Amino acid sequence: MKVLGINFGGRAMKCGEIMVKEALFAAKEAGAEVEFVRTIGMRIDPCLGCGVCSQKRDQGDNVHCIIKDDYEKLVEKILDADGIIVAAPVFSVGPTGQIKNYIDRFGASHDRAALDEIQKKRIEEGKSGDELLDPRYFKKRYVAYMSIGGADTPHWVALGLPTISEFGTSIHMKVVGQLDAYGQGQRANPLFDDNLMGQCRELGKRVTEAYGKEYDEVEWYGEEGVCPVCHGKSFMLDQAPDIYCVTCGVKGTMGWSDGSMKIHFNPEDKKISRTRMEGLYDHYWEIENMKKVCIPKIIENKEWLEEHLQKYKDFDKVIAE
């Protein structure tokens, strides 16, 4: 088993690196082959939104990004790994932009539902071997997350874990546990906190021990949170009383009981969570249906659209006049 530790955007030998390496020590003791990556020395540029990665996937190739930087090197390490421990520092309420750059470029093109459907189609067409999608896209992979913040108050790091947690959502990694490690400013160094370092070690051990298990058999490690599926604490209030988990999308119904707010979750609503294949497929069919509407609409109105887009293309000229 290979366990990969990644510190996104954190400086060398600071909190995130120390905590990830502590988890890797425990993973090694539990029998895993381990590797650590510090991405601060890597160039991971923002996604251009060009869609070429998905086009290559849909047209018979594997997923490849056209941007020439260090992104693909990191992707190869992630695809080779069986377990992953991801950490990112929180500087301004949410994690560093480097991890978001990675998520934007990896997420849509490695959507597991789309990959499954494309692979089925290729098999039905009689393709085999290198004509099929990379088999690493489909293996079970177990992941744990660490959000590292200096603030003592949790609302100053509130977007840390919800954002970091999107790292493995699209390709359907199983989240083993997570750690919201705020308060580093008072700790000065995580080595001064035996309990915190013990939690890091437990995460590394749990990721290693999850290897080979069915996803439903993996026990959660970390705070229970509020969401019954991903254990998140951040929710989006839509049309009351409906409320949605920001991290995984599961729907709940808000109400009052005994003078306090309660959220009720129906078993059927839990299936739309992004952490489950049912939820990923819901989104896949949503995108496919959007294509059926969007593409014909653009084709039918091509000349009209080109005419009315002209003033936006000539923005500086129009403003000057």
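The values are calculated or read from the model by the stated rules, or taken from the named source; none is laboratory data. The model shown is predicted, which means the values in this text are computed figures rather than measured ones. Every residue, glycine among them, receives a Cβ derived from its backbone with ideal geometry; neighbour counts consider all protein chains shown. The accessibility values were calculated without ligands, DNA or RNA, using every heavy atom of the protein model including side chains. Shrake-Rupley method; radii C 1.70, N 1.55, O 1.52, S 1.80 Å.
When the chain is treated as a GNM, springs tying every alpha-carbon pair under 10 Å, which of 167, 36, 192 comes out with the largest mean-square fluctuation?
192
What translational D, rounded to a whole number of µm²/s, comes out for the range 32-85 from Stokes-Einstein when the hydrodynamic radius is the Kirkwood one over Cα pairs, at 20 °C and 1.002 mPa s? Walk me through the intermediate numbers first.
Numbers: Rh = 12.9 Å.
In µm²/s, the coefficient is 166.
Express the carbon and sulfur contribution to the solvent-accessible surface of the chain as a percent, rounded to the nearest whole number, probe 1.4 angstrom.
Numbers: 9270 of 17530 Å².
So the carbon and sulfur contribution to the accessible surface is 53 percent.
Rounded to the nearest 0.05, what FRET efficiency do residue 305 and residue 136 have when you use their Cβ-Cβ distance and R0 = 35 Å? Mind showing how you got there, number by number?
On the way: r = 40 Å, r/R0 = 1.15.
That gives a FRET efficiency of 0.30.
Multiplying the sequence separation of residue 320 and residue 64 by 0.36 nm and subtracting their Cα-Cα distance, what value in nm do you get? Walk me through the numbers on the way to the answer.
Working: separation 256, 0.36 × 256 = 92.16 nm, distance 4.15 nm.
Residue separation times 0.36 nm, minus the Cα-Cα distance, leaves 88.0 nm.
Report the residue, chosen from 258, 111, 193, that carries the largest GNM mean-square fluctuation when the chain is represented by alpha-carbon nodes joined by springs under 10 Å.
Judging by the Gaussian network model, the answer is 258.
Accessible area per residue for the chain in Å², computed with a 1.4 Å probe and the full protein assembly in place, what is it? Please report the intermediate quantities before stating the final value.
Values: 17530 Å² over 321 residues.
For the chain, the solvent-accessible area averages 55 Å² per residue.
Would you kindly state how much longer the chain becomes between residue 240 and residue 14 on full extension, computed as 0.36 nm times their sequence separation minus their alpha carbon distance, in nm to one decimal?
Details: separation 226, 0.36 × 226 = 81.36 nm, distance 4.31 nm.
That pair, residue 240 and residue 14, stretches by 77.1 nm at full extension.
Looking at the chain, I'd like the Rg to Rh ratio, where Rg is from alpha-carbon atoms and Rh is Kirkwood's inverse mean 1/r. Walk me through the numbers on the way to the answer.
Values: Rg = 21.7 Å, Rh = 21.5 Å.
Result: Rg/Rh = 1.01.
Can you give the percent of C-alpha pairs in the range 55-200 whose distance is more than 29 Å?
Details: 2929 of 10585 pairs.
Tail fraction, whole percent: 28.
Which value in Å does the Kirkwood hydrodynamic radius of the range 1-115 take, with 1/r averaged over all unlike C-alpha pairs and then inverted?
The answer is 15.2 Å.
Could you work out how much longer the chain between residue 288 and residue 73 gets when fully extended? Use 0.36 nm per residue separation minus the Cα distance between them, nm to one decimal. Don't skip to the answer; put the middle values down first.
Details: separation 215, 0.36 × 215 = 77.40 nm, distance 3.02 nm.
Contour length minus the Cα-Cα distance gives 74.4 nm.
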